[in-house]
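**Q** Got a structure for you, questions after.
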Amino acid sequence: MKTVAEVLKSATTRLEAGGIENPRLDAEILLAHVLGWRRLTLYVDAEKILPLESILRFNELVNRRLKKIPVAYLTGTKEFMGLTFAVNENVLIPRPDTEILTEFVGEFLRSRGGGNLLDLGAGSGAICISILKFVKSARAIAVDISAEALEVAKFNAEKFHVDDRIEFFCGDLFMPLTGKFDAIVSNPPYIPTGELENLQAEVQSEPQLALDGGIDGLKFYRRIISDAPKFLISGGLLAVEVGINQAAAVKNLFEAASFIDVEIIKDLAGLERVVAGRK
Ligand SMILES: C[S@@+](CC[C@H](N)C(=O)[O-])C[C@H]1O[C@@H](n2cnc3c(N)ncnc32)[C@H](O)[C@@H]1O
């Protein structure tokens with residue numbers, strides 16, 4: 001017979017010994033997930049005795065976490081823009097950093113009273129679905145080369161009731177598309193191939209397809225920026241997330257492709273996160 005507090009304490013010790021970065025936090029998220037509770041309740045009901053079945057399920061998740069499987073894959077969910085997205089091993093886990101890009105493009109469409117959005121490499125659909133959720137008059141096309149990823153995005157579109165304003169295409173960037181858009185957004189794979197093997201074990205369990213940006217990490221930017229003008233209305237926006245130290249090179253690509261008002265957007269910590277320009 002073990003209490004919530006006891007179960008959490010021993011799991012935290014095991015996770016810490018296994019080299020997990022935030023052992024207490026991960027233990028809390030996993031236990032709250034198993035019990036269907038909010039994390040706060042773990043403190044309110046700390047002395048409650050847990051059923052054996054819950055403890056066994058929790059221990060199984062802790063064992064998988066010790067194999068460096070990300071918490072979001074274990075719970076099947078990740079918070080993004082205040083929404084709880086479904087995720088699985090076929091999609092990149094949406095990052096808080098990507099909220100900067102999402103807010104920027106959402107604000108652009110909102111200021112124009114809506115419009116057509118294209119999300120290249122949509123993954124879980126985190127970017128385009130959040131934008132549709134917050135800009136009611138917008139519509140979107142979500143493209144991904146992974147059919148499995150698009151299944152997750154479709155599930156999320158239904159979950160957030162935007163499925164009547166979004167279409168999905170499986171294919172290589174612009175390949176499946178015709179027509180013009182008010183805004184194109186992309187968080188493409190941007191890790192240089194040679195750096196993939198040095199990534200944290202957790203990141204390595206995310207799809208290689210979502211990470212590998214080619215030899216210098218800029219492969220997708222070159223293709224997206226050179227083809228985007230054909231798919232943008234005049235004055236339309238292209239905005240992409242960039243990795244560390246990529247903003248200047250990506251800005252050059254925008255300017256070489258004759259985009260105007262090209263800007264680099266930083267996050268609150270002063271890191272360059274987004275490059276955007278208008279046709
Ligand atoms: C970095 S993830 C971004 C996922 C999601 N947009 C987000 O921000 O969380 C990049 C996505 O691009 C997709 N992708 C990779 N190569 C692609 C290609 N040639 N055409 C379309 N999508 C591609 C991957 O499957 C992956 O879902």
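**Q** Once the dipole of the range 1-143 is set up with Lys and Arg at +1 and Asp and Glu at -1 on Cβ about the Cα centre, which of T3, A138, A17 lies farthest towards its positive end?
**A** Of the listed residues, the answer is A138.
**Q** Taking only Cα atoms and a 10 Å spring cutoff, compute GNM fluctuations for the chain and point out the largest among V143, V34, V62.
**A** V34
**Q** Here's another thing I want to ask about it. Convex hull over the Cα atoms of the chain, averaged projected area in nm²? All intermediate terms of the calculation are to be shown ahead of the outcome.
**A** Numbers: hull surface 61.4 nm².
In nm², the orientation-averaged hull projection of the chain is 15.4.
**Q** What percentage of all Cα-Cα pairs in the range 189-232 are separated by more than 11 Å? Spell out each step's value before the answer.
**A** Numbers: 620 of 946 pairs.
For the range 189-232, the fraction of Cα-Cα distances above 11 Å is 66 percent.
**Q** Given a 1.4 Å probe, how much area per residue of the chain is accessible, in Å²? Could the numbers behind the result be given before it?
**A** Working: 13320 Å² over 279 residues.
For the chain, the per-residue accessible area is 48 Å².
**Q** Taking 23 Å as the cut-off for C-alpha to C-alpha distance, list the pairs among K219/K279; K159/K219; K78/K279; K78/K230; K159/K266 that go past it. Don't skip to the end; give the middle numbers.
**A** Details: K219/K279 21 Å; K159/K219 33 Å; K78/K279 34 Å; K78/K230 34 Å; K159/K266 31 Å.
Flagged as over cut-off: K159/K219; K78/K279; K78/K230; K159/K266.
**Q** Here is a further query. Let me know the charge dipole size of the chain about its Cα centre in debye, to the nearest 20, where only the beta-carbon of Lys, Arg (+1) and Asp, Glu (-1) is charged. Please list the in-between numbers first.
**A** Working: 32 positive and 38 negative charges, 88 e Å.
Charge dipole, the chain, about its Cα centre: 420 debye, nearest 20.
**Q** Given a 1.4 Å probe and every protein chain left where it sits, what share in percent of the accessible area of the range 4-67 is carbon and sulfur? Mind showing how you got there, number by number?
**A** Numbers: 2030 of 3770 Å².
Of all accessible area on the range 4-67, carbon and sulfur atoms account for 54 percent.
**Q** What's the FRET efficiency of D164 with R95 using the Cβ-Cβ distance as r and R₀ = 41 Å, to the nearest 0.05? Please list the in-between numbers first.
**A** Values: r = 28 Å, r/R0 = 0.68.
Computed FRET efficiency for D164 and R95: 0.90.
**Q** Over the range 77-278, what percent of the accessible surface lies on carbon and sulfur atoms, probe 1.4 Å? Don't skip to the answer; put the middle values down first.
**A** Details: 4710 of 8930 Å².
Here it works out to 53 percent.
**Q** Which entries of K48/K133; K9/K67; K67/K136 show an alpha-carbon separation above 31 angstrom in the structure shown? Mind dumping the intermediate values first?
**A** Numbers: K48/K133 38 Å; K9/K67 19 Å; K67/K136 41 Å.
Cα-Cα > 31 Å for K48/K133; K67/K136; rest within.
**Q** Two-decimal Rg/Rh of the range 92-143 from alpha-carbon positions, Kirkwood Rh? Present the calculation step by step, with values, prior to reporting the outcome.
**A** Working: Rg = 10.2 Å, Rh = 10.9 Å.
Rounded to two decimals, Rg over Rh is 0.94.
**Q** If you don't mind, another one. Using alpha-carbon positions, what is the distance between the centroids of the range 168-194 and the range 223-247, in Å?
**A** The range 168-194 and the range 223-247 have Cα centres spaced 10 Å from each other.
The values are calculated or read from the model by the stated rules, or taken from the named source; none is laboratory data. Since the model is a prediction, treat every value here as computed from it, not as a measurement. Counting neighbours? That spans all protein chains shown, and the Cβs are built from the backbone with ideal geometry, glycine included. These area figures cover heavy atoms from the full protein model, side chains too; ligands, DNA and RNA do not enter into them. Shrake-Rupley method; radii C 1.70, N 1.55, O 1.52, S 1.80 Å.
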